[in-house]
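Scroll down for the structure; my scribbles are underneath it.
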Amino acid sequence: MFIFGNLFYALAVVLRIVINFFEISIIISALFSFISFNYHHPIRQFFDSISEIIERPIRRYLNLTFGMFDFTPFVAILLLVLLDNFLVTTLFDLARLLR
């Protein structure tokens, strides 16, 4: 059973890294939009494209734009934190039980 424990542990670690990468990308993309960083710059396009993977489904179902403020990045980060605290922690606990 320790093999499954190690598998769940490795999945939890990889998932946590991916979630952290998405969180950082969303924060950087939001900061670039506040400081009016050149939209056609490759760095901004990279972070915008990464953050849109998470934000596009949220924008499709929820209208979170109030005036000139878009709260979609905030909700996206909250969902990623929820996913991290629920799924990743559950995988770590399951791995600990199977070791």
- Please give the helix 89-98 orientation as an angle from the longest Cα principal axis of the chain, in degrees from 0 to 90, rounded to the nearest 10. 10
- Message: Residues of segment 81-99 with the amide nitrogen closer than 17 Å to a label point 7 Å from the Cα of ILE3, along Cα-to-Cβ, please.
- Response: 95, 98-99
- Message: Restricting to Cα pairs below 8 Å that are 6+ residues apart, what does the relative contact order work out to for the chain? Please round to a whole percent.
- Response: 54
- Message: Could you identify which residue out of PHE47, PHE22, PHE34 has the top mean-square fluctuation in a GNM of the chain using Cα springs shorter than 10 Å?
- Response: PHE34
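Could you compute the FRET efficiency for HIS40 and ARG60, with r as their C-beta to C-beta distance and R0 at 30 Å, rounded to 0.05? Intermediate results must be reported in sequence, preceding the final value.
Details: r = 25 Å, r/R0 = 0.84.
E(calc), rounded to 0.05, equals 0.75.
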- Between beta-carbons, use under 13 Å as the cut-off and find the net charge around SER33, counting Lys and Arg +1, Asp and Glu -1. -3
- Return the single residue from SER25, SER49, SER36 with maximal mean-square fluctuation; model: Gaussian network over the chain, springs between Cα atoms under 10 Å. SER36
- Item | For the chain: accessible area per residue (Å², 1.4 Å) | 71
- Relative to the longest principal Cα axis of the chain, at what angle does helix 2-34 sit, 0 to 90 degrees, rounded to 10? 10
- Helix-derived mean residue ellipticity, 222 nm - over the chain, DSSP H n ≥ 4, -39500 (n - 2.57), to 500: -26000 deg cm²/dmol
- What angle, in degrees between 0 and 90 and rounded to the nearest 10, separates the Cα long axis of helix 42-61 from the longest principal axis of the Cα atoms of the chain? 80
- Which net charge results for the neighbourhood of LEU80, defined as the other residues with beta-carbon distances under 12 angstrom from its beta-carbon, given Lys and Arg at +1 and Asp and Glu at -1? -2
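The values are calculated or read from the model by the stated rules, or taken from the named source; none is laboratory data. Not measured: the values here are computed from a predicted model. So basically every Cβ, Gly included, is an ideal-geometry build from the backbone, and we count neighbours across all protein chains shown. Only protein heavy atoms, including side chains, enter the accessible area calculation; ligands, DNA and RNA are left aside. Shrake-Rupley method; radii C 1.70, N 1.55, O 1.52, S 1.80 Å.
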